[in-house]
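Novice: Below: one structure in structure tokens.
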Amino acid sequence: MIRTLIPLAAVAALLGACSNDGAKAPAGSQAAVVVADALCRPTPVGRQATGCYLTLTSPAADTLVSISTPAAGRTEIHESKIESNMMMMRQLKAGLPLPAGQTVELKPGGNHIMLLAIEQPLTEGQTIPLTLNFAAAAPVTVQATIGQPKIDEYGTPTGH
Ligand SMILES: [Cu+2]
């Protein structure tokens, strides 16, 4: 097992070295996590919770540990799983791992940010700030649009 892993690790190191040659990363500067396409669903009538989706690309291995926003009393990072035909959500208490250089997608039916204890209903077209806190990188604040995602929990296009 170890014998087969060593050559793979060597190849990975070479590939890593190659891609680093082209990147302009001045020594001492901490590269920021890139956050894109932040979207939160409107709060359903009478509900104080909703889900948010976005993509994260961290240049170095890191962990999304928490989210802060004035729009919600509490936030959690959730995973979704279909169990016995039911969509179940569970909190990722240790945060969401971000492998180096990989785009991690938070989307309906997958990992997502849960806003809880929302006092002011979130309505379509509004924007709210989301601050993402990481284990190593500096926090990043993005403006999330309130709207319906293009796919539902089961990956079916919603027509939005
Ligand atoms: Cu959830």
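Read the figures in this text as sums done on the coordinates, not as results from a lab. Since we're looking at a predicted model, the values are computed, not measured. So basically every Cβ, Gly included, is an ideal-geometry build from the backbone, and we count neighbours across all protein chains shown.
Novice: Would you check if Pro129 is assigned to a loop (DSSP other than H, G, I, E, B) and either in contact with a strand residue (DSSP E or B) (Cβ under 6 Å, 6 or more places away or on another chain) or under 26 Å from His160 (Cβ atoms) (or both)?
Specialist: Judged against the criteria, Pro129 is not a match.
Novice: Being near the ligand (Cβ under 9 Å from one of its atoms) and charged (D, E, K, R) is the filter; apply it to the range 71-88 and report the residue that is surrounded by the fewest Cβ atoms within 10 Å (Cβ to Cβ).
Specialist: Per the stated criteria, the residue is Glu79.
Novice: Inspect all residues belonging to the range 122-141 and state whether any of them is touching a Phe, Trp or Tyr at 6+ places or on another chain (Cβ under 7 Å) and either away from the ligand (no atom under 14 Å from the Cβ) or within 12 Å of Arg41 (Cβ to Cβ) (or both).
Specialist: no
Novice: Follow-up question, since we're still on this one. Have a look at Gln120, Gln91, Gln102 and point out the one that is over 24 Å from Val33 (Cα atoms) and surrounded by fewer than 17 Cβ atoms within 10 Å (Cβ to Cβ).
Specialist: Gln120
Novice: Looking at Val45, is it in a strand (DSSP E or B) and more than 16 Å from the ligand (Cβ to nearest atom)?
Specialist: Values: in a strand (DSSP E or B): no; more than 16 Å from the ligand (Cβ to nearest atom): yes.
Spelling it out, it is not the case that Val45 is in a strand (DSSP E or B) and more than 16 Å from the ligand (Cβ to nearest atom).
Novice: Another question, if that's okay. Here is a check on your reading of the model: is Met114 within 15 Å of the chain's Cα centre (by Cα) and touching a residue at least 24 places away in the same chain (Cβ under 8 Å)?
Specialist: yes
Novice: Give the number of residues within the range 105-115 that are in a strand (DSSP E or B) and surrounded by 17 or more Cβ atoms within 10 Å (Cβ to Cβ). Steps first, answer last, please.
Specialist: Of the residues in the range 105-115, the ones in a strand (DSSP E or B) are 105-106, 112-115.
In the following step, the residues that additionally are surrounded by 17 or more Cβ atoms within 10 Å (Cβ to Cβ) were identified as 106, 112-115.
Residues that pass the stated criteria total 5.
Novice: Got at least one residue in the range 103-118 being of a type in the set (Asp, Glu) and either within 13 Å of the ligand (Cβ to nearest atom) or out of contact with any strand residue (DSSP E or B) (no Cβ under 8 Å at 6 or more places or on another chain) (or both)?
Specialist: Step one: list which residues in the range 103-118 are of a type in the set (Asp, Glu), which gives 105.
Still in the running and either within 13 Å of the ligand (Cβ to nearest atom) or out of contact with any strand residue (DSSP E or B) (no Cβ under 8 Å at 6 or more places or on another chain) (or both): none.
No, that holds for no residue.
Novice: Another question, then. Look at Leu96 and say whether it is within 13 Å of the chain's Cα centre (by Cα), away from the ligand (no atom under 12 Å from the Cβ) and over 12 Å from Pro42 (Cα atoms).
Specialist: Here the answer is yes, as Leu96 does meet what is asked.
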